[in-house]
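Structure first, then comments.
The values are calculated or read from the model by the stated rules, or taken from the named source; none is laboratory data. It should be emphasised that the depicted structure is a prediction, and the values quoted were computed from it without experimental measurement. In this analysis, Cβ positions are derived from the backbone assuming ideal geometry, glycine residues included, and neighbour counts consider all displayed protein chains. Please note that ligands, DNA and RNA were not included when accessible areas were found on the heavy atoms of the full protein model with its side chains. Shrake-Rupley method; radii C 1.70, N 1.55, O 1.52, S 1.80 Å.
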Amino acid sequence: MGDIAQVYAQSLFDLALENNQVEDYLKDIKFVDSILESDSSFIPFFTHVLVPSNAKIALLDKCFREDVNQMVLNFLKLLVRKRRIRYIKEIVDSFIKLCNKHLGIEEGKIYSAFDLSDAQVAAIEEAISKKENKKVILRVIKDESLIGGVRVQVNTRVYDGSVKNKVSMLRKSLLESR
(Lines give C-alpha, C1' and ligand atoms only; values in the text may rest on other atoms or scores of the structure.)
Protein backbone atom coordinates (compact mmCIF):
# COMPACT_ATOMS: atom_id res chain seq x y z
CA MET A 1 0.00 0.00 0.00
CA GLY A 2 2.71 2.50 0.97
CA ASP A 3 4.67 1.73 -2.21
CA ILE A 4 1.60 2.29 -4.39
CA ALA A 5 0.87 5.60 -2.67
CA GLN A 6 4.49 6.69 -3.00
CA VAL A 7 4.60 5.84 -6.74
CA TYR A 8 1.43 7.83 -7.48
CA ALA A 9 2.53 10.74 -5.28
CA GLN A 10 5.93 10.81 -6.99
CA SER A 11 4.26 10.78 -10.43
CA LEU A 12 2.07 13.76 -9.56
CA PHE A 13 5.05 15.55 -8.00
CA ASP A 14 7.14 14.97 -11.16
CA LEU A 15 4.28 16.41 -13.23
CA ALA A 16 4.07 19.44 -10.92
CA LEU A 17 7.83 19.99 -11.27
CA GLU A 18 7.69 19.57 -15.05
CA ASN A 19 4.91 22.17 -15.27
CA ASN A 20 6.66 24.44 -12.74
CA GLN A 21 3.50 24.43 -10.59
CA VAL A 22 4.54 22.69 -7.36
CA GLU A 23 2.90 25.34 -5.16
CA ASP A 24 -0.32 25.33 -7.21
CA TYR A 25 -0.61 21.54 -7.17
CA LEU A 26 0.16 21.54 -3.44
CA LYS A 27 -2.63 24.06 -2.79
CA ASP A 28 -5.05 21.96 -4.86
CA ILE A 29 -4.09 18.69 -3.16
CA LYS A 30 -4.49 20.33 0.25
CA PHE A 31 -7.97 21.42 -0.86
CA VAL A 32 -8.76 17.81 -1.85
CA ASP A 33 -7.38 16.70 1.53
CA SER A 34 -9.67 19.15 3.36
CA ILE A 35 -12.66 17.63 1.52
CA LEU A 36 -11.51 14.14 2.51
CA GLU A 37 -11.27 15.18 6.15
CA SER A 38 -14.60 17.01 6.17
CA ASP A 39 -16.68 14.30 4.47
CA SER A 40 -16.34 10.74 5.77
CA SER A 41 -18.50 9.39 2.92
CA PHE A 42 -15.96 10.42 0.25
CA ILE A 43 -13.73 7.33 0.28
CA PRO A 44 -16.51 4.75 0.81
CA PHE A 45 -18.42 6.19 -2.18
CA PHE A 46 -15.38 6.29 -4.47
CA THR A 47 -14.26 2.78 -3.51
CA HIS A 48 -17.69 1.12 -3.68
CA VAL A 49 -17.69 -1.56 -6.37
CA LEU A 50 -21.38 -1.09 -7.25
CA VAL A 51 -20.94 2.59 -8.13
CA PRO A 52 -19.89 2.80 -11.81
CA SER A 53 -16.61 4.58 -12.58
CA ASN A 54 -18.33 7.07 -14.89
CA ALA A 55 -20.58 8.20 -11.99
CA LYS A 56 -17.52 8.63 -9.76
CA ILE A 57 -15.73 10.62 -12.45
CA ALA A 58 -18.80 12.80 -13.05
CA LEU A 59 -18.93 13.59 -9.32
CA LEU A 60 -15.21 14.46 -9.29
CA ASP A 61 -15.87 16.83 -12.20
CA LYS A 62 -18.79 18.43 -10.39
CA CYS A 63 -16.90 18.79 -7.09
CA PHE A 64 -13.48 19.91 -8.27
CA ARG A 65 -13.68 21.32 -11.84
CA GLU A 66 -13.93 24.92 -10.64
CA ASP A 67 -11.49 24.62 -7.76
CA VAL A 68 -8.45 22.60 -8.85
CA ASN A 69 -6.00 22.51 -11.75
CA GLN A 70 -7.14 20.30 -14.64
CA MET A 71 -4.06 18.08 -14.25
CA VAL A 72 -4.88 17.46 -10.57
CA LEU A 73 -8.48 16.66 -11.52
CA ASN A 74 -7.23 14.28 -14.24
CA PHE A 75 -5.00 12.64 -11.65
CA LEU A 76 -8.01 12.02 -9.38
CA LYS A 77 -9.92 10.56 -12.33
CA LEU A 78 -6.97 8.29 -13.10
CA LEU A 79 -7.05 7.01 -9.52
CA VAL A 80 -10.73 6.13 -10.00
CA ARG A 81 -10.12 4.39 -13.34
CA LYS A 82 -7.14 2.41 -11.98
CA ARG A 83 -9.06 1.58 -8.78
CA ARG A 84 -6.42 3.28 -6.66
CA ILE A 85 -8.68 5.94 -5.13
CA ARG A 86 -8.77 3.91 -1.91
CA TYR A 87 -5.15 5.01 -1.39
CA ILE A 88 -6.00 8.70 -1.83
CA LYS A 89 -5.21 9.68 1.77
CA GLU A 90 -1.77 8.03 1.67
CA ILE A 91 -1.10 9.51 -1.79
CA VAL A 92 -2.09 12.99 -0.59
CA ASP A 93 0.14 12.70 2.51
CA SER A 94 3.12 11.48 0.43
CA PHE A 95 2.60 14.22 -2.15
CA ILE A 96 2.46 16.94 0.52
CA LYS A 97 5.72 15.64 2.04
CA LEU A 98 7.46 15.65 -1.36
CA CYS A 99 6.31 19.23 -2.05
CA ASN A 100 7.26 20.46 1.41
CA LYS A 101 10.73 18.94 1.09
CA HIS A 102 11.16 20.60 -2.32
CA LEU A 103 9.93 23.98 -1.01
CA GLY A 104 11.92 23.81 2.25
CA ILE A 105 8.76 23.73 4.36
CA GLU A 106 8.29 21.77 7.58
CA GLU A 107 4.76 20.89 8.71
CA GLY A 108 3.71 20.53 12.29
CA LYS A 109 0.74 20.65 14.60
CA ILE A 110 -0.49 23.07 17.24
CA TYR A 111 -2.54 21.46 19.98
CA SER A 112 -4.71 23.98 21.78
CA ALA A 113 -7.59 23.80 24.22
CA PHE A 114 -9.22 26.78 22.49
CA ASP A 115 -9.75 28.04 18.95
CA LEU A 116 -6.83 30.13 17.71
CA SER A 117 -7.16 33.12 15.38
CA ASP A 118 -5.26 33.21 12.10
CA ALA A 119 -3.05 35.94 13.59
CA GLN A 120 -2.21 33.77 16.62
CA VAL A 121 -1.36 30.80 14.38
CA ALA A 122 0.79 33.04 12.16
CA ALA A 123 2.68 34.40 15.19
CA ILE A 124 3.34 30.88 16.49
CA GLU A 125 4.42 29.73 13.01
CA GLU A 126 6.84 32.66 12.80
CA ALA A 127 8.34 31.92 16.24
CA ILE A 128 8.72 28.19 15.53
CA SER A 129 10.13 28.93 12.05
CA LYS A 130 12.89 30.98 13.69
CA LYS A 131 13.63 28.17 16.17
CA GLU A 132 13.63 25.52 13.44
CA ASN A 133 15.52 27.75 10.99
CA LYS A 134 13.06 26.92 8.16
CA LYS A 135 9.53 27.80 7.16
CA VAL A 136 7.07 25.95 9.39
CA ILE A 137 3.36 25.58 8.62
CA LEU A 138 1.19 24.44 11.51
CA ARG A 139 -2.20 22.75 11.56
CA VAL A 140 -4.41 23.44 14.59
CA ILE A 141 -5.80 20.48 16.51
CA LYS A 142 -8.18 21.10 19.37
CA ASP A 143 -7.20 19.28 22.58
CA GLU A 144 -9.26 20.36 25.57
CA SER A 145 -7.14 18.24 27.93
CA LEU A 146 -4.40 20.90 27.71
CA ILE A 147 -6.54 23.28 29.87
CA GLY A 148 -4.79 26.31 28.36
CA GLY A 149 -1.69 27.32 26.41
CA VAL A 150 -0.46 25.39 23.40
CA ARG A 151 1.74 22.45 22.50
CA VAL A 152 3.52 22.48 19.15
CA GLN A 153 4.94 19.40 17.47
CA VAL A 154 7.29 19.57 14.48
CA ASN A 155 8.58 16.12 13.50
CA THR A 156 9.90 14.63 16.75
CA ARG A 157 10.40 17.98 18.52
CA VAL A 158 7.75 19.20 20.94
CA TYR A 159 7.44 22.74 22.30
CA ASP A 160 5.07 22.44 25.24
CA GLY A 161 3.67 25.63 26.75
CA SER A 162 0.41 24.06 27.90
CA VAL A 163 -1.04 24.52 31.37
CA LYS A 164 -1.28 20.74 31.64
CA ASN A 165 2.49 20.44 31.13
CA LYS A 166 3.24 23.25 33.60
CA VAL A 167 1.06 21.59 36.25
CA SER A 168 2.81 18.29 35.59
CA MET A 169 6.25 19.89 35.94
CA LEU A 170 5.20 21.67 39.15
CA ARG A 171 3.86 18.39 40.59
CA LYS A 172 7.14 16.65 39.70
CA SER A 173 9.28 19.36 41.33
CA LEU A 174 7.11 19.32 44.47
CA LEU A 175 7.45 15.55 44.77
CA GLU A 176 11.23 15.75 44.27
CA SER A 177 11.65 18.42 46.96
CA ARG A 178 10.15 16.33 49.73
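Brief remarks on what is shown
- Angle between the chain longest axis and helix 163-176 axis [Cα atoms, degrees, rounded to 10]: 40
- Under a 5 Å amide H cut-off, with hydrogens placed 1.01 Å from N, Leu138 pairs with Gly108 among residues at least 5 apart or on other chains.
- Charge dipole of the range 92-178 about the Cα centre (unit charges at C-beta), most positive-ward option of Ala123, Cys99, Thr156: Thr156
- Measuring r between the beta carbons of Lys30 and Lys142 and using R0 = 22 Å, the FRET efficiency lands at 0.70.
- Sulfur and carbon atoms: percent of accessible area, the chain [1.4 Å]: 53
- At a probe radius of 1.4 angstrom, the accessible area of the chain per residue rounds to 62 square angstrom.
- Placing +1 on each Lys and Arg Cβ and -1 on each Asp and Glu Cβ, with no other charges, gives the chain a dipole about its Cα centre of roughly 600 debye.
- Simple label model, 7 Å out from Cα along Cβ direction - Glu23 to Ala122, nm: 1.6
- Computed over the chain, the per-residue total of -39500 (n - 2.57) for DSSP H runs of n ≥ 4 gives a 222 nm mean residue ellipticity of -19500 deg cm²/dmol, rounded to 500.
- The angle separating the long axis of helix 118-132 from the principal Cα axis of greatest extent in the chain is about 80 degrees.
- Sequence-separation-based contact order of the chain, relative, with Cα cut under 8 Å and 6+ spacing, percent: 21
- Using 0.36 nm per residue and subtracting the Cα-Cα separation, the extra length available between Glu107 and Leu15 on full extension is 30.9 nm.
- The largest-to-smallest principal axis extents of the Cα set in the range 124-178 are 44, 24, 17 Å.
- About its Cα centre, the dipole of the range 21-102 is roughly 460 debye, where the only charges are +1 on Lys and Arg Cβ and -1 on Asp and Glu Cβ.
- Largest-first principal axis extents of the Cα set of the chain (Å): 70, 36, 31
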